[in-house]
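Structure first, commentary second.
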Amino acid sequence: MNESAHVVLVGYGEMGTKSSSVRAKMEVRLRENLQAVLDDRSLSGRVEREWSRLLVRDTDDPEAVAAACAEVPGVVWARPSVVCDPTLDEIVAVCRDLAADHPADASFAIDEDRVGPKDAHDFSGRDIAREAGSAVVEVTGAPVDLDDPEVTYRVECREDAAYVSVRRFDGPGGLPLGTQGKAVVLISGGIDSPVAAWEMMRRGCEIVPVYVDLGDYGGADHRARALETVRTIARRAPNFDLRVHVVPGDDVVQRLMDTIEDTRMLSLRRVMLSIAATVAEDEHAHSIVTGESLGQKSSQTGENIAVTEAAVDYPVHRPLFTRDKTDIVTEAREIGTYDDSTLPVGCERVAPSFPETNASLSAVQAAEPDDLFELAAEAARNRRLVSVSQD
Ligand code: ATP
Ligand code: MG
């Protein structure tokens, strides 16, 4: 078997249910996104569209390519695969070769799919399972377990070629990035907001990260963490602009500290949303996203969220709204943002001793100084764009 006989098959899920024209557009987008990730990581390979999936050819490291593909939104699985002629003998020979690396005593199954007209092959799917299974038993002596195998030999036999693989890398699913418009994401450098950002990306939405620098109430360490978390998720989308909009929030926060006590945090949230709305308008984004989760903090009770959300006309999405912190932490570890985000976020230094948990909009508005949202707009106008691309 030579090197060119290796490819990586990439499978997707939900986009397969779309009309053929929508699916074709999404496939083109996913192809571009995958190629960008491979190029960015200096992995050899050419991503091509073929039947209802994508396939990477000409790679000298199929395992690394499959692992990289499995990080990209829209991908359900990636499999390093051996390509051979669609004959029973060839398929069995490939399975026999692959069985040389079979872990000792690990149970296995053959999962076969023969695709095409009945007379395309002079053997059935069942023949593949029987013959390939016998070959693997011959080489390994391993037990067959059709219900819960430790190793699955996946054989996909098409008219023009057959593909055999033993390793499957699970992807995030979702939709290709760039197919669901743009959203502004408020990124704090805490654990939650990068996960919320990633959830939007996973669903195909381009993100515009906004960090509000709280001056002495935040600090350089918070800004660095916010940038670092964006840098980590940006690795999965190198062909998108994920520069962070850093907004100087010190004046507006100082005004809040000087003028409001119990409802200060809510007004701070309102200010942040209002800043995000200004950026959304400039960037043609359709919505604002936060890492808020119901009841996680006093500013995140249902009543208080209703009050903060009233500050803007844009829809505010909260992908983590019903998630427990333990789940969010698990996901942050999976996507690699956890380590960058384990210090408490700066706005905790703004929190009053007895925060209001059931505020009314009129009371919050009454406590706000007249120029609060003008200051917020000015801060948004004075934002800087900070690159997070790898050096
Ligand atoms: P943590 O893991 O500490 O909860 P967090 O990022 O969720 O981190 P919260 O205090 O819960 O922080 O803030 C709620 C949401 O408000 C965040 O998810 C984020 O979307 C937004 N946010 C908070 N602070 C900032 C900030 N300095 N700049 C931009 N957005 C912020
Ligand atoms: Mg939070």
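The values are calculated or read from the model by the stated rules, or taken from the named source; none is laboratory data. Quick caveat, the model's predicted, so the values are computed rather than measured. No Cβ is skipped: glycine too gets one built from the backbone with ideal geometry, and neighbour counts run over all protein chains shown. These accessible areas exclude ligands, DNA and RNA; they are computed on the full protein's heavy atoms, side chains included. Shrake-Rupley method; radii C 1.70, N 1.55, O 1.52, S 1.80 Å.
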In the set Val83, Val72, the lone residue that is within 17 Å of Gly178 (Cα to Cα), of a type in the set (A, V, I, L, M, F, W, C), surrounded by 14 or more Cβ atoms within 10 Å (Cβ to Cβ) and in the same structural domain as Glu159 (by the TED database) is Val72
| message | Checking the structure you have, find out if any residue of region 32-39 is under 20 Å from Tyr163 (Cα atoms) and either in a strand (DSSP E or B) or not assigned by the TED database to the domain that holds Phe240 (or both). | response | no
The residue from Ala78, Ala135 that alone is outside the structural domain of Glu199 (by the TED database), of a type in the set (A, V, I, L, M, F, W, C) and under 37 Å from the mean Cα position of the chain (by Cα) is Ala78
Picked from region 286-303 (must be hydrophobic (A, V, I, L, M, F, W, C) and open to solvent by less than 10 Å² (accessible area, probe 1.4 Å)), the residue nearest to Ile191 (Cα to Cα) is Val289
Would you confirm whether any residue within region 172-189 is farther than 30 Å from Val312 by Cα, in contact (Cβ under 8 Å) with a residue 40 or more places away in the chain and away from ligand 1 (no atom under 12 Å from the Cβ)? yes
Every listed condition ((1) in contact with a Lys or Arg (Cβ under 9 Å, 6 or more places away or on another chain); (2) at pLDDT 95 or above; (3) not small (Gly, Ala, Ser)) holds for Pro315 save (1)
Any residue at all in region 203-213 that is away from ligand 2 (no atom under 16 Å from the Cβ) and open to solvent by 40 Å² or more (accessible area, probe 1.4 Å)?
yes
Could we say that Ser193 is hydroxyl-bearing (Ser, Thr, Tyr) and either more than 16 Å from ligand 2 (Cβ to nearest atom) or surrounded by fewer than 21 Cβ atoms within 10 Å (Cβ to Cβ) (or both) here? no
Those residues of region 228-238 which are in contact with a helix residue (DSSP H, G or I) (Cβ under 9 Å, 6 or more places away or on another chain) and either open to solvent by 50 Å² or more (accessible area, probe 1.4 Å) or not β-branched (Val, Ile, Thr) (or both) amount to Glu228, Arg231, Arg235, Arg236, Ala237, Pro238
Of the residues in region 313-323, those that are away from ligand 1 (no atom under 13 Å from the Cβ) and closer than 25 Å to Leu372 by Cα come to Asp313, Tyr314, Pro315
Of the residues in region 200-219, those that are more than 18 Å from Asn382 (Cβ to Cβ) and either among the small types (Gly, Ala, Ser) or within 9 Å of ligand 1 (Cβ to nearest atom) (or both) come to Gly204, Gly219
So is Met257 within 16 Å of ligand 2 (Cβ to nearest atom) and more than 29 Å from the chain's Cα centre (by Cα) or not? no
Quick count over region 177-190, residues being assigned to a strand (DSSP E or B) and more than 16 Å from ligand 2 (Cβ to nearest atom), is 3
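Sort out which residues of region 304-322 are closer than 21 Å to Met265 by Cβ and either assigned to a loop (DSSP other than H, G, I, E, B) or open to solvent by 70 Å² or more (accessible area, probe 1.4 Å) (or both), and write them in order of number. Break it down stepwise before answering.
Taking region 304-322 and keeping what is closer than 21 Å to Met265 by Cβ, we get 304-312, 314, 316-318, 320-321.
Residues satisfying the conditions are Ala310, Ala311, Val312, Tyr314, His317, Arg318, Leu320, Phe321.
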Exactly one of Thr259, Thr179 is buried (at least 19 other Cβ atoms within 10 Å of the Cβ) and farther than 30 Å from Ile110 by Cα, and that one is Thr179
Conditions (1) part of a helix (DSSP H, G or I); (2) in contact with a Gly (Cβ under 8 Å, 6 or more places away or on another chain); (3) within 19 Å of Phe169 (Cβ to Cβ); (4) basic (Lys, Arg) -> Arg29 fails only (3)
Within region 134-176, the count of residues that are farther than 18 Å from Leu9 by Cβ and either part of a loop (DSSP other than H, G, I, E, B) or open to solvent by 10 Å² or more (accessible area, probe 1.4 Å) (or both) comes to 17
Considering region 285-303, residues that are outside any loop (DSSP other than H, G, I, E, B) and either under 19 Å from the mean Cα position of the chain (by Cα) or away from ligand 1 (no atom under 13 Å from the Cβ) (or both), and then whichever is nearest to Leu320 (Cα to Cα), we arrive at Val289
Has region 246-254 got at least one residue that is surrounded by 19 or more Cβ atoms within 10 Å (Cβ to Cβ), in a loop (DSSP other than H, G, I, E, B) and either away from ligand 1 (no atom under 15 Å from the Cβ) or assigned by the TED database to the domain that holds Ile335 (or both)? yes
